[in-house]
Amino acid sequence: MRCVRTLFHEETALLSVRKIPFPELTPYMPQTNTELAESLHQFVTIWNLIGRPFPQVDQTDRAGLAITWPDTHFPFYNALFLTEQLTDAQALEGRVQEAAAYMRARPNGGLFVVCLDNLNGAAKEALSTILAQAKFVQAIPMIGTAGDILPMEAPGHPALRFERILNDSTIQDFAELNCVSYDVPVEASLSLVNERTLWHQHAYGFVAYDGNKPVWSRFPSCLSTR
């Protein structure tokens, strides 16, 4: 998979993901159906946890589509996932058109997540055309990695101060950094400030500060489903 531009198309966007081993940590091996299913399951589970605290969230799945849509102004929290392994182009087109119709019917934009390794044959060949017809644009490329790397020594960044994301200030700094990075209006970050359930119960994210200026964020470094 090649890197793609980070763009949002009005009400819809595409987030393409692919799971591969990290080459320096594990030897390459072909992806199995079990590995792909587990990778997608973990991704959907994370987004379900993200959306669950919002009272207006829609988590009613449809055939071939997993939905977690809290309809926040922060578009990264609103997501649909293609959950099938497809080879037929018409079947893929039906799922993409359904996802596009769902997203355009919502007040706020979000992401349509496609695991590229789940597409083969005619579906894979027609993907670009089908997405263009539905007016999706590629947004954020993500590559899953696997490796037995712990314990790991921290490299150390003496000029930076790291704070765990827990309170209104760090949550807003995290959200604003993502808005700036992906050309989303900074005002969208305000929809997250009063919701702390994710950060207190499930996610371990951090913001790095250069003095008092937030310059980097990481989410999540660890996840618990308790």
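Which members of segment 177-205 meet the condition of being small (Gly, Ala, Ser) and exposed (fewer than 15 other Cβ atoms within 10 Å of the Cβ)? Steps first, please.
First, the residues of segment 177-205 that are small (Gly, Ala, Ser): 181, 188-189, 191, 203, 205.
Of everything in segment 177-205, just one residue is small (Gly, Ala, Ser) and exposed (fewer than 15 other Cβ atoms within 10 Å of the Cβ), namely SER181.
Being free of Cβ contacts under 8 Å to residues at least 40 places away in the same chain, in contact with a Phe, Trp or Tyr (Cβ under 9 Å, 6 or more places away or on another chain) and within 20 Å of SER191 (Cα to Cα) narrows it down to one residue among PRO107, PRO55, PRO70; which is it? If you could, list the steps in order and put the result at the bottom.
Values: PRO107 fails: in contact with a Phe, Trp or Tyr (Cβ under 9 Å, 6 or more places away or on another chain); PRO55 fails: in contact with a Phe, Trp or Tyr (Cβ under 9 Å, 6 or more places away or on another chain).
None of the others qualify; the one that does is PRO70.
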Checklist entry - Pairs, please: C-beta under 7 Å, at least 6 apart or cross-chain, first residue under 11 Å from GLU93 (Cα atoms) and not assigned by TED's automatic domain parsing to the domain that holds LEU86 and in segment 123-137, second modelled with pLDDT of 90 or more and in a helix (DSSP H, G or I)? => result none
Item to check | Residue check, GLU84 assigned to a loop (DSSP other than H, G, I, E, B) and more than 29 Å from LEU177 (Cα to Cα) | outcome: yes
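Is it the case, given these coordinates, that HIS41 is under 17 Å from the mean Cα position of the chain (by Cα), free of Cβ contacts under 8 Å to residues at least 12 places away in the same chain and farther than 20 Å from ALA134 by Cβ?
Numbers: under 17 Å from the mean Cα position of the chain (by Cα): yes; free of Cβ contacts under 8 Å to residues at least 12 places away in the same chain: yes; farther than 20 Å from ALA134 by Cβ: yes.
Here the answer is yes, as HIS41 does meet what is asked.
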Checklist entry - What is the number of the single condition among (1) over 16 Å from the mean Cα position of the chain (by Cα); (2) outside any strand (DSSP E or B) that PHE162 does not meet? => result (2)
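The values are calculated or read from the model by the stated rules, or taken from the named source; none is laboratory data. It should be emphasised that the depicted structure is a prediction, and the values quoted were computed from it without experimental measurement. As a convention, Cβ positions derive from the backbone with ideal geometry for all residues, glycine included, and neighbour counts pool all protein chains shown.
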